[in-house]
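The structure appears right after this line, and notes come after that.
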Amino acid sequence: MGRPIKSITNPKLSLNILTPEEVQRIHTATLDVIENVGVRFPSQKVLDIWEAHGAKVDRETFIVKAPGALIEKALKSAPPADALAARDPAQDLMMDGNHVFLGTDGCGVEVIDIYSGARRRSRLQDVGEIARVADYLEEVAFHWVAVSAQDRPPQTRGLHEVKAIWDNSTKHVQTESIYSEKEARAAVEMAAIIVGGREALRKRPVLSMMQCTAPPLGHDGGSLEAALVGAEAGIPVGFMTMASCLTTGPATMAGTLVVGNAEVIAGTALIQLAYPGAPVFYAAAQTASDLRTGSYTGGGPEDYLFGAATNVLSDFYDIPLSMGSFATGAKEPNWQAGVDNSLSTFMSCIVMSDMLLGVGFLHGSRIWSYAQMLMDCEIYNIVNKTLQGIPIDDETLALDVIRAVGPGGNFLKQKHTIRHMRDVFLPQFMDRRPYNEWQEKGDGPSDWALAKARQILETHQPEVLGSGLSAELQHIIETAEKEPVD
Amino acid sequence: MTEEMFKAMAQSIIDGDAEVAEKLARQAVEKGIDPLDAINQGFVVGVNQVGSEFSCGNAFLPELVMAGEAMKVAVSTLEPEMNRRGTSRSVLGKVVLATIQGDIHDIGKTLVGTMLSAAGFQVYDLGVDVPVMKLVEKARAVDANIIGVSALLTTTMVRQRDVVEALEDMGLRSKIKVMVGGAPVTSEWVKEIGADGYSEDAIGAVAVAKKLVGK
């Protein structure tokens, strides 16, 4: 049996970030952009699909201009929310709008080594080890490919990565690092083997696929073709925009929402035109670029607001959302990381983003830190507790016990207190010790978080794939490796 | 009169107004002002001004880019006249830029191009999805000092190594420096593939390029 999963559900707090009229204006502006400016789809195969459905297609520039009515009609065939399946069915994730599930972040290139503390390039072994720790953590409900297996060949790297996760965890895998049709076909084949065939995979998609758009207003050809393979197989497919204020989007947040939305819904419409009824999701990790360098910030008020606004958009289209929060730009687990990751996660959670990405990174999703991973889980727990709000009823108003204690007493000896003390949040990685103890020991939250990660890695025994299945997956990868590179 | 015109040229760059910069460049040619004077006493003064405002935190990246674009327009307007006179603007060096084959990510590389050309480099931007050999051949053809090669994906980043190796195979490695860029690039990667420099942002790239050409 896999470990239980802690989702956020039935929140008492809520937030109104955009009015229905404002959402409608964003949608109308988005359709205007898709119809009159167009979105770039650099794949002849994809252009064929658009053309067959009456969109205006430019074969030289790859720009597609699709009428609003076509987009709206296509989006209507997106199915109502379903579940993301896990190898262990008890770990399936309901995409019903009343759950937030946390994942790891992905595509990192370096790792702070769990033992030496040295920063080094990421490799396949890291993918498996991170997955094993994530498999243990109740806060982490699903996996992204946390870091890139840079010691494996580029054309099959994404396959090694998903296999390493399946070898170490029973939880759902959402890959964000498969960029070609060929690799996607092999990944689908691997997923089908795990659940017992292609039809079983449709019912139990243990793999979902996220593809990044190429903002502003573009897609990557290989990513599009990979997404079509996923959609054909019936696994959930999503497009993620990272359009950012100032650089890949207008300076204004509303304008950047329109640019990102145009990319995502045009891509989603394409999937529906090709495979009506294929499961899809919306994905975004928008932010503002830094005013001085133009680089990705992974934090700041714009980031937090995008985190909340995007779920309103995905709700409008009635598809689940995979939302980027966390991803601080901080270089080490510190003040900046705490502020960035807390606020972005609070804002994404209070609107009930279905999937949340993700724990574990520093320096704008580039450097994996086990300490940050564990502390991010704590942030998630704090947000979860906060969103439960303050329940008001006779029991919680506690009049009997207030009467019993009266003025000047204390509540420690009361049965009511014993009954409810575990409602009070107890942090794992906050320093609440007396000052002198801190002074003597000289350690702190990130030391404790790291120690816990080490302990998990050394002791947690995940339910492994089994040598037969694992060998079958390996065989698919090896076959793919023998094929000539495009 | 000419002094006033130089001032207006500088101001057009500070304002990032390419239209005005182009108009002033054309007027300079009509009035018989030496294009090199127009550049060095007029437009460049504006570039330097924006640069120093940026350094002390009063100006931001979009202003730098606008100034760079205006500068580019001004110089290209003056170019025919420079050719006619048989003069040319002294450049810090020649840089051939591209995003590597298999990768279509454009913005960082383009930003680096704008910053380099504003700083006084001659920039040849080959665009995105550029094969290694095309990049290296172009660098040889224009006698480039630097190749700048960008990649956003870890799967395409590996081809940055191919650029270094191709230069070695062609016997050009000692003449052409290699700068690499893109989100997954780290200083360790630069060392591993034997490239000469990298920067995480466009401003830093200018400093690296200047260092590589010994300026």
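The values are calculated or read from the model by the stated rules, or taken from the named source; none is laboratory data. Worth saying up front: this structure is predicted, and the values here are computed from it rather than measured. Positions of Cβ are backbone-derived with ideal geometry, glycine not excepted, and every protein chain shown enters the neighbour counts. The area values use the complete protein model at the heavy-atom level, side chains included, leaving out ligands, DNA and RNA. Shrake-Rupley method; radii C 1.70, N 1.55, O 1.52, S 1.80 Å.
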So the FRET efficiency between A:Ala471 and A:Arg120, C-beta based with R0 = 45 Å and rounded to 0.05, is 0.95
Please give the contour-minus-distance gain from A:Gln336 to A:Lys385: 0.36 nm per residue of separation, less the Cα-Cα distance, rounded to one decimal in nm. 15.4 nm
Where does the charge balance sit around A:Gly128 when Lys and Arg score +1, Asp and Glu -1, over other residues with C-beta under 13 Å from its C-beta? -2
Could you grab the Rg to Rh ratio for the stretch B:11-57? Cα atoms only, Kirkwood for Rh. 1.04
So how do A:284-292, B:68-76 stack up, highest first, on mean other-Cβ count within 10 Å? A:284-292, B:68-76
Rounded, prolate or oblate, given the Cα gyration tensor of the stretch A:1-41, with a/c below 1.5 counting as rounded? oblate
Cα gyration tensor, the stretch B:60-160 - rounded (a/c under 1.5), prolate or oblate: oblate
By the scheme Lys and Arg +1, Asp and Glu -1, what is the net charge of all other residues having a beta-carbon under 10 Å from that of B:Gly194? -1
Just round it to a whole percent: the fraction of Cα-Cα distances in the stretch A:115-209 exceeding 24 Å. 20
Given A:297-305, A:73-81, the highest-first ranking by average Cβ count within 10 Å works out to A:297-305, A:73-81
Relative contact order (%) - criterion: Cα under 8 Å, at least six apart; region: chain B: 17
Write down the radius of gyration of the stretch A:376-473 and its Dmax, each obtained from C-alpha positions, in Å. 21.5, 71
Averaged over A:288-295, how many beta carbons belonging to a partner chain fall within 10 Å of each residue's beta carbon? 6
Points 7 angstrom from Cα along the Cβ direction at A:Ala451 and A:Asn410: gap in nanometres? 2.7
Can you tell me which of B:Glu168, B:Glu188, B:Glu200 moves the most in a GNM of chain B? Springs connect C-alpha atoms under 10 Å apart. B:Glu188
For the stretch A:345-387, what class follows from the C-alpha gyration tensor (a ≥ b ≥ c being the square roots of its eigenvalues): rounded when a/c is under 1.5, otherwise prolate if a/b is larger than b/c, else oblate? oblate
Could you work out how far the C-alpha centroid of the stretch A:443-486 sits from that of the stretch A:218-267, in angstrom? 29
Could you state the principal axis extents of the C-alpha atoms in the protein assembly as shown, from the largest down, to the nearest angstrom? 97, 66, 54
At most 12 other Cβ within 10 Å, DSSP loop - GluC sites (Glu not before Pro), the stretch B:1-54: none
Please compute the net charge surrounding A:Leu469, taking Lys and Arg as +1 and Asp and Glu as -1 over other residues with Cβ under 13 Å from its Cβ. -2
GNM on chain B, C-alpha springs below 10 Å: top fluctuator among B:Leu116, B:Leu97, B:Leu153? B:Leu153
Over 25 Å between C-alpha atoms is what I'm after, so list which of B:Lys138/B:Lys215; B:Lys175/B:Lys210; B:Lys72/B:Lys94; A:Lys65/B:Lys134; A:Lys385/A:Lys441; B:Lys94/B:Lys211 land there. A:Lys65/B:Lys134; A:Lys385/A:Lys441
A chain fully extended from B:Lys210 to B:Glu188 at 0.36 nm per residue, minus the present Cα-Cα distance, gains in nm 5.8 nm
Among B:Val185, B:Val112, B:Val29, whose mean-square fluctuation peaks in a Gaussian network model of chain B (Cα, cutoff 10 Å)? B:Val29
Principal axes of the stretch A:328-439: Cα extent on each, largest first, Å: 56, 41, 18
Evaluate the Kirkwood expression for the hydrodynamic radius of chain B, namely the inverse of the mean inverse distance over all pairs of different C-alpha atoms, and round to one decimal in Å. 17.8
Estimate for me the total accessible surface buried between chains A and B (protein heavy atoms, probe 1.4 Å, no ligands or nucleic acids), in Å² to the nearest 100. 2000
Under the Debye formula (equal points on every Cα, no solvent term), log10 I(q)/I(0) of the stretch B:113-215 at q = 0.10, 0.11, 0.25 Å⁻¹: -0.23, -0.28, -1.72
Reported to the nearest 10 Å², A:Met242 has, with a 1.4 Å probe, an accessible area equal to 70
To the nearest 0.05, what FRET efficiency results for A:Glu478 and A:Phe425 with a Förster distance of 51 Å applied to their C-beta separation? 0.55
Provide, in order from the shortest bin, the percent of all Cα-Cα pairs of the stretch B:1-115 in each 5 Å bin, continuing until the bin that contains the maximum pair distance. 2, 12, 21, 21, 18, 13, 8, 4, 1, 0, 0
